[in-house]
Each structure stands twice: as structure tokens, then as C-alpha cells.
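K.L.:
One structure, as C-alpha cells, below. Some questions next.
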Amino acid sequence: MSRSWRRCLDASLAPVGRLQTPPQLNASQLAHATDRQGELVAHARPVMQYLYAQTRDTGSMVILADERGTLLQTLGDTDFLGRAERVALMQGASWHESQQGTNAIGTAIAEIAPVVVHGPEHFLERNGFLTCAAAPVMAPDGRLLGVLDISGDHRGHHPHTIGLVRSAAQMIENRLFETCHGDTIRVRFHPLAEGIGTVAEGIIVLKEDGWITCANHAGLSLLGLCPADLGAMPVTRVFQIGTSELASWGRRRPGEIMSVIRNNGERIFLRVELGRGARQIIVPSHPQEEACADSLEPLNTGDAVMKATIEKARRVVGKPIALLLQGESGTGKEIFAKAFHDSGPRRSKPFVAVDCATLPENLIEAELFGYMPGAFSGARKEGYAGRIRSAIGGTLFLDEIGDMPMAQQARLLRVLQEREVVPVGGSKPIPVDFVLVCATHRNLKTEMEAERFRADLYYRINGLTLMLPPLRERSDFAALTSRVLRDLSPERHLYLGDAVALAFAKYSWPGNLRQLVNALRTACALLNDDESTILWDHLPDDLINELRQASQSLDISSMHLPQEENLHVLSSAAISRAIDISDGNMSEAARRLGISRNTLYRRLKIIKS
Ligand SMILES: Nc1ncnc2c1ncn2[C@@H]1O[C@H](COP(=O)(O)OP(=O)(O)OP(=O)(O)O)[C@@H](O)[C@H]1O
């Protein structure tokens, strides 16, 4: 009220005395102004009739003004309309603050907020017999469209009138949403499931890329947004759910209510309605079937160790057992973790991968645990849920866990023990539920002994440890290569030329599957459309050099040895390496070598003799 009076004084309005006649539209100007706001007027009309029915015979009127303060529609008791006309409270008149001083319509426009102006609070003395309650009506994209108002004699003032007007303005906004064109996904939400479909529900409209383009008043205030955020904020900043999951829910469960977690950790209920544009969003028609029933099977290309590893993993799918994947860099730990997630009952929920080695140390906590609004300088003003909370219901994959600093290890341990996370700058723990898969190329036991990794955390994350073999130790190189080629180029049947195949087989592949897949990807790109055999020309130069060096070193060693001795040496070396790698487990060593246990013992006897 004081801001409004200050504006009136600054504009040199005089509260008393003879006043200039305020601008008044003639009939054709009024028709033009009404046309300009045709949609608002059309949707407001039934709501105004409803309001009038509630206030009939109370000496009052219901008014719809446009965003400039021009009165477009009025409905009221005849005797009061007559009195109102004497102060120009009638169709075509302007009740902008600059014309009429502080008044509910003009001040609601200036403040873009609901306003009550009672009796002498009116800046112009002649308006002092009025009591008025007004609420702005916002367009779905956050623009001010107009104002809804109930005005009456100040002696009939009722404090509930403003509530009535606000609800009615909200009803008009919600009706405008129904006709919001070009929408893709409309989300209705409320902290209570029963609040959806009521006048108190929040509504947002999303474009197919997930940006929030429209919101009603309740939607903005429930989410703590302002109109300027519309078109500038993706839905994932407010809810822990993405567009395709929303679209998927809307298609599979039309009309049903789902519960999601907001990014501030609170639970909220949603109903998703899909508009025409939502058809463009590609979502799996049955997310439960989106991944094949056993997503681990494609990783089995015949290597005995890999097969046994996959079988062990299958036994813990869907159970609350933390998986620890160990293996050299590039052996496919993340691909394995994703396949493990896709094989389980949580496959339609998020799979959140965090690379602990690349997160700057000072950001790990905020990234993992989230933070409250304004927790530190440079933080997002709305706060951040953090990666752990993004994984709720799904799988959290902590890659390179061995590189996590000790201080963060302690915090992570607490989260795993308590199954709760406390965001940075917050004090309220938020319950979290996820399956944990960790990976590292380090030997965590050695790290633990060197006191670089906490023993208590090691035992927490190590429900089941699986070792992924390096490529050079896999016996399924040929089958694996064909599968990768088929995946890279499904429409052509590609294979390796003899010389390249031989060189590949002799090479040690220090970058493991990553290096092999990258080499094959480059080769596919360099092949002409009519070529199907990968030759030296199709390989990157640095790889050609390494392959040639590896092959020469083997050839040179073979030149100095008689053929028989060479084979003997090579097989002895392979056998002792397999036994070493298998920690003396003869069955495993035999599996690695692709021979039976009996053959292995026979060969050992020969070597010893
Ligand atoms: N079974 C597979 N089939 C096809 N490609 C694979 C397979 N496994 C791994 N890859 C390829 O190897 C790359 C490395 O895999 P991934 O990131 O899973 O390895 P990693 O062991 O987690 O590596 P790092 O330890 O460096 O994080 C992947 O981007 C993918 O291209």
C-alpha cells in the first residue's frame, strides 16, 4: 500500500479536488480492446458469472480488466452499478494507478499480485466509499493478461472476498492452460495427491526437449519459480525425472498419479497429460521391456572367465548386494554395470554414473550429496539435488572409487550406512534408496593396506567383487571382434583381413576394449561402401606402428630359437601366467587356457620333466 501511495505522489496525483476526466473508450475502441483479449474474456465469462452468483444482492460488482487497467466486462447489482458509474467504475474506463491512484485493479497490475484496497486506502478521496479485492490473471507463458476484481460498498467489506477472487483468477488461468497450443507435455502437480485437479494444483507445460515453457500461478509458487524462469529452466531442475520418463508414464498410465521427488528432496504428486507434440518424444513403449530380459548375455562372447563373471553377477541381480567391479582401464566395467542395472527390476529407474577420478576434490561433496540454496558462493540459487539423490530407485555407479579422497570416503560411508543423505549446507537427512555398483582399476586391498582407502568403506562396497579380464587374456577375441563389428555396422558384414587379424591377435591391447572398439570404429569409417575387409590402410597410423613393433618382437624372438623349443617356451610361459593370474586355482587356469584340467596337469608334468 505504501509503495502504491509513493508512486501516486511521485506522479503528482492529487487525492482531493477537481479531477481530470479519466480516459474512457468509446464503443468501437472497447470492442477492439475486448477482441484483443478475446481468449481471456471468453474464459473469464463463466467464472465471472459464477462469482456474481456468489455475491448477488450484496451491493457489489465483478470486474474484468485488461493488463492496461481498462475495464472490459462488468457484472453487478443494478443499484451499485449506478453508484459505481459516478466514479467511472464502468466498462471502457481505465483504472490504471496513473489515472485512479491506489486502487485494487491498478495496484494489482503494478505489483502483479493480489491486492485488497479498502475505503480510505484508496488514494483518491472520491473512491473512498469502495472496498475492492483484485487478483492478476497470468497467461500460461507468465505474461500478465488482466485482472479480476470484486468491488462493493466499503460497509459490506468481507475479508474472504480476496480468497474468492484469487481462486476465480486461478480458475481462469487453468482454463487458459487447457487451450495452450503447441504443448507437448502438461504436468499437473500438488504436494497432496488429492490436490491434483483442484484449483490449487500447479500446472507446467514442457516442450519436447524438457524445458518448462508455461506455468500457472500455483505452479510457479509451488516450485519457487518466477515468470522469468519460464523458457529458461529444464524440468530436471525441479523434479528428479526427465521428459522421456514423464512421456512414458503419460502413455502407459494415462490419468494415473505418480509420485516423484523434487530437487529439494520433497515428495510431490504428478499427473501427466500428453499433447499432440508429445508424439515426437521417443520413449520405449514398454519401459519394463526396454532392456532385454538379460542384458548381461550380450557381454558373453565365449571367454570362460567372462562367462563365469556374468553368471556370478546374475545371481545377485535384484538383491541388495553392492557390486565391486575390478579390472584394468577400458575392460568394460561401466558397460558391465549398465548391463547389470538393465537386467534388474530397477531397469526403468535411473542409472547414474559418477567418475570419482575426474570430479575436482572441492566439488565432490556438492556433486554427490547436493546442496541447499545459497550453500556456497557460486552455487545455483535453487540448490542442487546431487547425484546420489538422482539415483533414487535406480543404480548409482561410482567409477574409480579408488580415487576418492579420504574425507569424502567418510561421508559416503555414512550415506551407505544410514541410507540417508544430508545436502551440503543442510541439516535434514533425506532418505535414499539405490543399488550400488562401484568400479576401480586399482587393487583396493593394496590401497587399503597403504591406508589410502578406508577398510570400513571397502567392506561396505564389496558385497561381491568381480574381476573383468584384460583383453589380452580373453580367449574370445575373434568372437568379440565380430560382435563389435556387427554392432558398429549392422547393415554390412565386415571382417578383418588375415594380416590384420594375426597382428591383432598378437598385440597386447593395453587400452583393452576401449582401444579395440575405437580402432574398429575408425576402420569402419575409413572403409568404402563397397569394401567389407579391414586392411592395414583402414587402421590409424599409431596403431599400425604398435602392431608392427609387437609382431616384430615376437618374430625376432622366434628366429633365435629352434621351432620346437619356441613352442615349448611359449606354452610353458602361457601356462605359468595362467596359473599366476588364477592365484593357483587349476580349474580356472585350465579354463583361461581353453584346455581341460587333465591336459593342464599333463602339460605341467612335461614342463617339469
Ligand atoms: N562388451 C563390449 N562391447 C562393445 N564395446 C565395449 C564392450 N565393453 C566395453 N566396450 C567399449 O569400451 C569402452 C570402455 O568401456 P568402459 O567405459 O565400460 O570401461 P571401463 O573399464 O569402465 O573403463 P575405465 O576404467 O577407463 O572407466 C566403452 O566406451 C565401449 O566403447
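The values are calculated or read from the model by the stated rules, or taken from the named source; none is laboratory data. Everything quoted here is computed from the prediction, not taken from an experiment. When we count neighbours, we look across all protein chains shown, and the Cβ atoms used for this are built from the backbone with ideal geometry, even at glycine. SASA here: full protein model, heavy atoms, side chains in, ligands and nucleic acids out. Shrake-Rupley method; radii C 1.70, N 1.55, O 1.52, S 1.80 Å.
K.L.:
Just to verify a result, which residue in the stretch 322-332, among those that are assigned to a loop (DSSP other than H, G, I, E, B) and within 26 Å of the chain's Cα centre (by Cα), is nearest to the ligand (Cβ to nearest atom)?
P.N.:
The selected residue is G332.
K.L.:
Still on this model: Which pairs have Cβ atoms under 6 Å, sit 6 or more apart or on different chains, and link a residue in the stretch 478-489 that is more than 17 Å from N518 (Cβ to Cβ) to one that is more than 10 Å from the ligand (Cβ to nearest atom) and at pLDDT below 90?
P.N.:
A479/G302
K.L.:
If the requirement is being at pLDDT 85 or above and surrounded by fewer than 22 Cβ atoms within 10 Å (Cβ to Cβ), which of these qualifies: G224, G219?
P.N.:
G224
K.L.:
Say whether the condition of being part of a loop (DSSP other than H, G, I, E, B) and either under 12 Å from V62 (Cβ atoms) or open to solvent by less than 30 Å² (accessible area, probe 1.4 Å) (or both) is met by at least one residue in the stretch 125-135. Before the answer, list the steps.
P.N.:
Residues of the stretch 125-135 part of a loop (DSSP other than H, G, I, E, B): 128-129.
From what's left, either under 12 Å from V62 (Cβ atoms) or open to solvent by less than 30 Å² (accessible area, probe 1.4 Å) (or both): 128.
For the stretch 125-135, residues part of a loop (DSSP other than H, G, I, E, B) and either under 12 Å from V62 (Cβ atoms) or open to solvent by less than 30 Å² (accessible area, probe 1.4 Å) (or both): present.
K.L.:
Return yes or no: is R492 assigned to a helix (DSSP H, G or I) and at negative phi?
P.N.:
Values: assigned to a helix (DSSP H, G or I): no; at negative phi: yes.
So R492 fails the test.
K.L.:
A follow-up question, please. Keeping to the stretch 72-107, report how many residues are open to solvent by 50 Å² or more (accessible area, probe 1.4 Å), among the polar types (S, T, N, Q) and either modelled with pLDDT under 90 or part of a helix (DSSP H, G or I) (or both).
P.N.:
Number of matching residues: 3.
K.L.:
Also, I was wondering about something else. Only one residue in P120, P114 is within 43 Å of the chain's Cα centre (by Cα) and in the same structural domain as V16 (by TED's automatic domain parsing). Which one?
P.N.:
Values: P120 fails: within 43 Å of the chain's Cα centre (by Cα).
After applying the criteria, what remains is P114.
K.L.:
When the stretch 136-153 is examined, which residues are found to be surrounded by fewer than 19 Cβ atoms within 10 Å (Cβ to Cβ) and either assigned to a loop (DSSP other than H, G, I, E, B) or modelled with pLDDT under 90 (or both)?
P.N.:
D141, R143
K.L.:
Now a separate question. Which of the residues belonging to the stretch 459-489 are open to solvent by less than 80 Å² (accessible area, probe 1.4 Å) and either under 32 Å from the mean Cα position of the chain (by Cα) or on the phi > 0 side of the Ramachandran plot (or both)?
P.N.:
Listed by number, the residues that qualify are I461, N462, G463, L464, T465, L466, L468, V484, L488, S489.
Residues are listed down the side, and each one gets a yes or a no for (1) outside the structural domain of G318 (by TED's automatic domain parsing); (2) surrounded by 17 or more Cβ atoms within 10 Å (Cβ to Cβ); (3) not in a helix (DSSP H, G or I):
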residue: A375; (1), (2), (3): no, yes, yes
residue: R389; (1), (2), (3): no, yes, no
residue: D433; (1), (2), (3): no, no, yes
residue: E451; (1), (2), (3): no, no, yes
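K.L.:
Just one of (1) open to solvent by 40 Å² or more (accessible area, probe 1.4 Å); (2) in contact with a Lys or Arg (Cβ under 8 Å, 6 or more places away or on another chain) trips up Q24, so point out which.
P.N.:
(2)
K.L.:
Could you tell me whether any residue of the stretch 271-288 is more than 13 Å from the ligand (Cβ to nearest atom), at pLDDT 80 or above, open to solvent by less than 20 Å² (accessible area, probe 1.4 Å) and in the same structural domain as T440 (by TED's automatic domain parsing)?
P.N.:
The initial filter retains those residues of the stretch 271-288 that are more than 13 Å from the ligand (Cβ to nearest atom), namely 271-288.
After this cut, where a residue has to be at pLDDT 80 or above as well, the list is 271-274.
With the extra rule that they be open to solvent by less than 20 Å² (accessible area, probe 1.4 Å), the set shrinks to 272.
Within this subset, residues satisfying the condition of being in the same structural domain as T440 (by TED's automatic domain parsing) are none.
No, the stretch 271-288 contains no residue that is more than 13 Å from the ligand (Cβ to nearest atom), at pLDDT 80 or above, open to solvent by less than 20 Å² (accessible area, probe 1.4 Å) and in the same structural domain as T440 (by TED's automatic domain parsing).
K.L.:
Criterion first (touching a residue at least 24 places away in the same chain (Cβ under 8 Å) and not in a loop (DSSP other than H, G, I, E, B)) does L413 satisfy it?
P.N.:
yes
K.L.:
Exactly one condition in (1) assigned to a loop (DSSP other than H, G, I, E, B); (2) surrounded by fewer than 16 Cβ atoms within 10 Å (Cβ to Cβ) is false for A379; which is it?
P.N.:
If we test A379 against (1) assigned to a loop (DSSP other than H, G, I, E, B); (2) surrounded by fewer than 16 Cβ atoms within 10 Å (Cβ to Cβ), just (2) comes out false.
K.L.:
Any idea which of (1) more than 30 Å from A407 (Cβ to Cβ); (2) more than 32 Å from the chain's Cα centre (by Cα) is the one E447 doesn't satisfy?
P.N.:
(1)
K.L.:
Further question: Is it the case that I204 is buried (at least 22 other Cβ atoms within 10 Å of the Cβ) and either modelled with pLDDT under 85 or under 21 Å from N174 (Cβ atoms) (or both)?
P.N.:
In short, yes.
K.L.:
If D456 satisfies all but one of (1) touching a residue at least 40 places away in the same chain (Cβ under 8 Å); (2) out of contact with any Asp or Glu (no Cβ under 9 Å at 6 or more places or on another chain); (3) crowded, with 16+ Cβ neighbours inside 10 Å, what's the number of the condition it fails?
P.N.:
(3)
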